[in-house]
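Worksheet: one structure, shown below.
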Amino acid sequence: MTDAPSGSFRDVLRAIPTRPEERPVLRAESLPTHPMVLLRTWLEEEVENGTPVPHAFALATVGMDGAPQARTVILKDLDDALWFATSSGSPKGLALAHEASAEAVFYWARSGRQIRVKGRAEPGPRDVSDADFLARHPSARAGVALGTQGTELGDPDEAERRLAEARRGAEERPGDTSTAWTAYRLIPTHVDVLQLRPASAGERVDYVQDGDGWTVRDLWP
Ligand SMILES: Cc1cc2nc3c(=O)[nH]c(=O)nc-3n(C[C@H](O)[C@H](O)[C@H](O)COP(=O)(O)O)c2cc1C
């Protein structure tokens, strides 16, 4: 028998504020014509405001069983696409090899802003993946070299010994790369933007790819 939570949690959750302080009104006509320019501007504002890890986002993919799956990853670069990096052998890497459709969701609580980016994620050039790998901490590189992420840990002492050995290897051979570590670019086709407000539903805008450009529309929130 397992211990499931008991008693209602509803009142505790209900009491948590979810609304930001006042923010400029969001209207399609005053937004940049490219949604990645808006994403960059909002990220820069979060960095200036000291938001912790504002470049982390939820990445949703379609599993090989057809079920949705999501996890947090870090934005590594931003141009006309979103760049993130992971192992091609991880569940998300395998999912993307099978079905490239993906969605990224950024949420910044203090400013009450959400941006969802839908598109196709494809592996970037090998030199970009290698550069990303080499910029990582030796412990992170060691973890990739072991290739054990997500498998059963077993004996923690044995696991620590293997990790330490792999870390030594990463430190001794700082130029070693990993063919599994892959920088992916999520190429946007649809971007949904939401600005919450203190006392109303807020505003919502979407960008839909239209030939070489984008159509921007105000939506009911
Ligand atoms: C803040 C944060 C940032 C993360 N960044 C990454 C990342 O950039 N790449 C990555 O592979 N995993 C990252 N992870 C770990 C993933 O969320 C996930 O646990 C792991 O990659 C396994 O995912 P998968 O089994 O769906 O492939 C991060 C986790 C957190 C909490």
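The values are calculated or read from the model by the stated rules, or taken from the named source; none is laboratory data. Nothing here was measured: the structure is a model prediction, and the numbers come from that model. Here Cβ is always computed from backbone atoms with ideal geometry, including for glycine, and neighbour counts include all displayed protein chains. In case anyone asks, the SASA skips ligands and DNA or RNA and just uses the protein heavy atoms, side chains included. Shrake-Rupley method; radii C 1.70, N 1.55, O 1.52, S 1.80 Å.
Here are the numbers for the structure shown:
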item: Only one of THR33, THR41 that is within 24 Å of the chain's Cα centre (by Cα), within 30 Å of ASP210 (Cβ to Cβ), among the β-branched types (Val, Ile, Thr) and open to solvent by 90 Å² or more (accessible area, probe 1.4 Å); result: THR33
item: Evaluation of THR182 against (1) under 20 Å from VAL73 (Cα atoms); (2) under 21 Å from the mean Cα position of the chain (by Cα); (3) surrounded by fewer than 19 Cβ atoms within 10 Å (Cβ to Cβ) (one fails), failing number; result: (3)
item: Long-range neighbours under 8 Å by Cβ, at least six apart or interchain, first residue closer than 18 Å to ARG167 by Cα within segment 143-155, second open to solvent by 80 Å² or more (accessible area, probe 1.4 Å) and in a loop (DSSP other than H, G, I, E, B); result: GLY143/GLN149
item: Residues being out of contact with any strand residue (DSSP E or B) (no Cβ under 6 Å at 6 or more places or on another chain) and either without any contact (Cβ under 8 Å) to a residue 12 or more places away in the chain or within 20 Å of ASP132 (Cα to Cα) (or both) - total across segment 182-221; result: 4
item: Subset of segment 90-137 [touching a residue at least 60 places away in the same chain (Cβ under 8 Å), open to solvent by 60 Å² or more (accessible area, probe 1.4 Å) and more than 15 Å from the ligand (Cβ to nearest atom)]; result: ARG110, ARG116, LYS118, ARG120, GLU122
item: Contacts under 8 angstrom Cβ, first residue in segment 54-68 being within 17 Å of PHE106 (Cα to Cα), partner assigned to a loop (DSSP other than H, G, I, E, B), 6 or more apart; result: HIS55/LEU75; ALA56/LEU75; PHE57/LEU75; THR61/GLU99
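Every residue, every condition in (1) surrounded by 18 or more Cβ atoms within 10 Å (Cβ to Cβ); (2) in a strand (DSSP E or B); (3) among the hydrophobic types (A, V, I, L, M, F, W, C); (4) modelled with pLDDT of 95 or more, yes or no:
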residue	(1), (2), (3), (4)
SER139	no, no, no, no
ALA159	no, no, yes, no
THR177	no, no, no, no
LEU194	yes, yes, yes, yes
ALA199	no, no, yes, no
